[in-house]
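Visitor: Just passing along the structure, written as structure tokens.
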Amino acid sequence: MELSDVIRRRRMVRNYDPDRPVPAEVIDRLLGYAVHAPSAGFSQGWEFLLLDDAESRAKFWAVTSTPGEMDNWLSGMTRAPVLVVAHSHRDAYLDRYAEPDKGWTDRDEARWPVPYWHIDTGMASLLILLGAVDEGLGACFFGIQPERIAAYRAAFGVPEAYMPIGAISIGYRDEDRRSPSLKRGRREATTVTHRGRWGR
Ligand SMILES: Cc1cc2nc3c(=O)[nH]c(=O)nc-3n(C[C@H](O)[C@H](O)[C@H](O)COP(=O)(O)O)c2cc1C
């Protein structure tokens, strides 16, 4: 598929065909795309947790969701045969930038007005989302509620140093409802681009 088609066709899919597994080699390709994302200092401070069996997916949903809340959303999302949780690793950046060619040996987080570890992991996640479109799959990036993160870590043995920036559900798409957020309309490039000076 042309890149422009992949970009335009990408949208978050929140309902899947639970009876159509995603071949392991396809998932491997998606994870392979993720590690081609750019990263500050080539720090590559990202780690992914792949949940592609029923038991681990059930455990994920049990620790991250509350039955009775968002049931519509959950019923579609829990049908996804694959989940990939994306984690950013701040220390990888502090360590990398303390190396001789960068020289920030104080490892001071104030040097990072923007936490590039989250940004880079987000970029890697986008490559998974785009790759999914190219593979004829649907995918959705979604957040883990802050009060659920400790339970998530405990359930899967994720160390404190790794922040789950979000999870990606992946599968063959089934009919789903458009997100109500889309009613906001897309902010077009002409609106969000300032030319030469802010406000123009
Ligand atoms: C950082 C981030 C967090 C998001 N969190 C959620 C989420 O928790 N649940 C969800 O259903 N969608 C989530 N989305 C998807 C957005 O709702 C969606 O991207 C937006 O409405 C635009 O729709 P589209 O991606 O289908 O074009 C998230 C997207 C991003 C980039």
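Visitor: What tally of residues in segment 129-184 results from selecting those that are buried (at least 16 other Cβ atoms within 10 Å of the Cβ) and either hydroxyl-bearing (Ser, Thr, Tyr) or without any contact (Cβ under 8 Å) to a residue 40 or more places away in the chain (or both)?
Guide: Matching residues across segment 129-184 total 6.
Visitor: Let me ask something additional. Quick check on this structure: which one of 171, 138, 143, 122 is of a type in the set (Gly, Ala, Ser), in contact with an Asp or Glu (Cβ under 9 Å, 6 or more places away or on another chain) and within 14 Å of the ligand (Cβ to nearest atom)? Outline the logic, then answer.
Guide: Working: 171 fails: within 14 Å of the ligand (Cβ to nearest atom); 143 fails: in contact with an Asp or Glu (Cβ under 9 Å, 6 or more places away or on another chain); 122 fails: in contact with an Asp or Glu (Cβ under 9 Å, 6 or more places away or on another chain).
After ruling out the rest, the residue left standing is 138.
Visitor: One residue is enough: does segment 136-148 have a residue meeting the conditions modelled with pLDDT of 95 or more, among the acidic types (Asp, Glu) and not in a loop (DSSP other than H, G, I, E, B)?
Guide: Taking segment 136-148 first, the residues modelled with pLDDT of 95 or more are 136-148.
Filter again for among the acidic types (Asp, Glu), leaving 147.
Those left that are additionally not in a loop (DSSP other than H, G, I, E, B): 147.
Yes, that holds for at least one residue.
Visitor: Ok, one more. Which ranges mark the helices (runs of 4 or more DSSP H) fully within segment 1-110 that have 1 or more residues being open to solvent by less than 60 Å² (accessible area, probe 1.4 Å) and within 16 Å of the ligand (Cβ to nearest atom)?
Guide: Details: elements: 3-9, 24-34, 54-64, 71-77, 90-96.
By residue number, 3-9, 24-34, 54-64, 71-77.
The values are calculated or read from the model by the stated rules, or taken from the named source; none is laboratory data. Since we're looking at a predicted model, the values are computed, not measured. Glycine also receives a Cβ, built like all others from the backbone with ideal geometry; neighbour counts cover every protein chain displayed. Remember, those area values only see protein heavy atoms, side chains included, never the ligands or the DNA or RNA. Shrake-Rupley method; radii C 1.70, N 1.55, O 1.52, S 1.80 Å.
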